[in-house]
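What follows is a single structure, written as structure tokens, with notes after it.
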Amino acid sequence: MRTIEFGYFLVLIGVIFAISLFLVQSTDAVFNCGVASFIFIAVGYFLVSIDPRDLKEDWEVKEIEERWAEKKRAREQRRLQKQNGKAKH
């Protein structure tokens, strides 16, 4: 799981804790839910904001993804050539 997905997950948990503030009757539980909600949302937002995909411009991300795809195609070509070479002998 990448940092951005984990961050979204933590924010979602924080929102659930925030909603539970209205459903809980105990003062201690309300305080604990509030603190947990703040921590989960803050950490989740931090993880989402430091994700490299958010820090880069769209064109930079596309260039990087193109290079990765190119390398993957080259590896696949080499693998197929090795298989074809072994099959001929």
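The values are calculated or read from the model by the stated rules, or taken from the named source; none is laboratory data. Only a predicted model underlies this, so the values are computations on that prediction, with no experimental measurement involved. Because the Cβ atoms are built from the backbone with ideal geometry, glycine has one as well, and the counts that use them run over all protein chains shown. Please note that ligands, DNA and RNA were not included when accessible areas were found on the heavy atoms of the full protein model with its side chains. Shrake-Rupley method; radii C 1.70, N 1.55, O 1.52, S 1.80 Å.
Points to keep in mind about this one:
- Extreme residue, positive dipole direction of the chain, given options T3, I19, F38 (C-beta unit charges): T3
- Once the Cα atoms are used to define both axes, helix 27-49 deviates from the longest principal axis of the chain by about 30 degrees.
- For E63 and T3, the difference between the fully extended length at 0.36 nm per residue and the C-alpha to C-alpha distance is 19.5 nm.
- Solvent exposure of I19, expressed as accessible area, is near 100 Å², computed with a probe of 1.4 Å over the protein chains only.
- Solvent-accessible surface (1.4 Å probe) assigned to E5 amounts to roughly 80 Å².
- Separation in nanometres of the label points that stand 7 Å from Cα toward Cβ, at N84 and L21: 6.4
- Between 0 and 90°, nearest 10: helix 58-88 axis offset from the chain longest Cα axis: 40
- Contact order, relative form, for the chain: 32 percent (alpha carbon pairs under 8 Å, 6 or more residues apart, mean separation divided by residue count).
- Stretching E76 away from F31 to a fully extended chain increases their span by 10.6 nm, per 0.36 nm per residue minus the current alpha-carbon distance.
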